[in-house]
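Just so it is clear, none of the values below were taken in a lab; they were calculated from the coordinates. Since the structure is predicted, the reported quantities are computational estimates derived from the model, not experimental observations. Here the Cβ is made from the backbone with ideal geometry for all residues, glycine too, and neighbour counts use every protein chain on show.
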Amino acid sequence: MVVGKYSNVNGSRIYYEIDGTGVPLLLLHTAGTDGRVWRRMIENIPSGYMTIVPDLPGHGKSWPWANWRKARVDVRFYSDAISGLVKDLNLDRMVVLGCSIGADITLMLTTMIGERIEMAICAEGAGKTNTFVEQDILKTDPGNVERAFDFCGRGATKDSIEDLIWIRSSNNRDIYIGDLLAWNNFDIMDNLSSIKNRIMLLRGDDDPVVSETMLRDTSAKLKHSKFMTIPGFGHYPMIEKPAEFAKIVDSIIKTRD
């Protein structure tokens with residue numbers, strides 16, 4: 001049974017949902033969306049997992065930070081919030097799976113609370129994600145159908161793309177733009193060599209944002225990492241083909257040793 005709660009973290013009210021029992025699996029959503037992007041994947045994940053799905057500050061049901069209309073935040077800010085939530089819930093030996101900016105946050109978390117993380121899975125993210133022209137970011141429309149199609153893989157269905165557009169459109173545009181700027185400014189390449197955790201880097205071969213070179217460069221800096229290109233997926237694997245992605249994630253976790 002899904003249970004939704006709030007946690008007061010660093011002055012913010014963070015909403016999260018917990019479902020199931022077993023290996024703690026923390027799921028971190030993409031830019032400008034919320035925890036709902038994981039819904040269909042969670043429905044297909046095998047038993048034996050306790051999924052923890054937060055909405056980042058200012059997303060979904062989580063409250064924003066003070067002066068959020070003017071004050072931009074970065075990946076470190078979001079990582080601090082999630083780190084605080086992890087400590088509040090006393091999570092340990094967990095698997096963290098993040099997608100897009102959620103993958104950037106996942107990498108950052110290994111530098112902050114690595115001792116609590118059994119394994120990190122970074123989907124469609126990298127150690128440096130300066131992939132957009134800033135002026136294009138400032139003109140972003142969350143409901144842009146063409147952009148959604150362009151970023152999704154060839155296996156995405158009409159329903160999955162409509163899910164993405166709906167979730168993104170129901171979140172705040174200014175927050176979405178801020179997320180893209182935070183993504184664009186993210187760079188911890190010089191810190192990757194200090195990470196001790198096992199890390200799996202994933203990239204859909206239809207993703208126009210994250211290149212294989214970005215994954216190779218990131219993996220080369222990490223001590224314990226692998227990277228995998230998954231055919232037929234784009235930038236939103238858990239939305240595009242949730243059942244297939246759930247199998248991939250389950251296999252990665254179960255063969256992590």
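Summary of computed values
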| quantity | calculated |
| --- | --- |
| Among the candidates 195, 239, residue that is β-branched (Val, Ile, Thr) and within 22 Å of residue 75 (Cα to Cα) | 195 |
| Odd one out for residue 152 among (1) buried (at least 21 other Cβ atoms within 10 Å of the Cβ); (2) out of contact with any His (no Cβ under 9 Å at 6 or more places or on another chain) | (2) |
| For residue 110: the one exception among (1) among the β-branched types (Val, Ile, Thr); (2) buried (at least 24 other Cβ atoms within 10 Å of the Cβ); (3) assigned to a strand (DSSP E or B) | (3) |
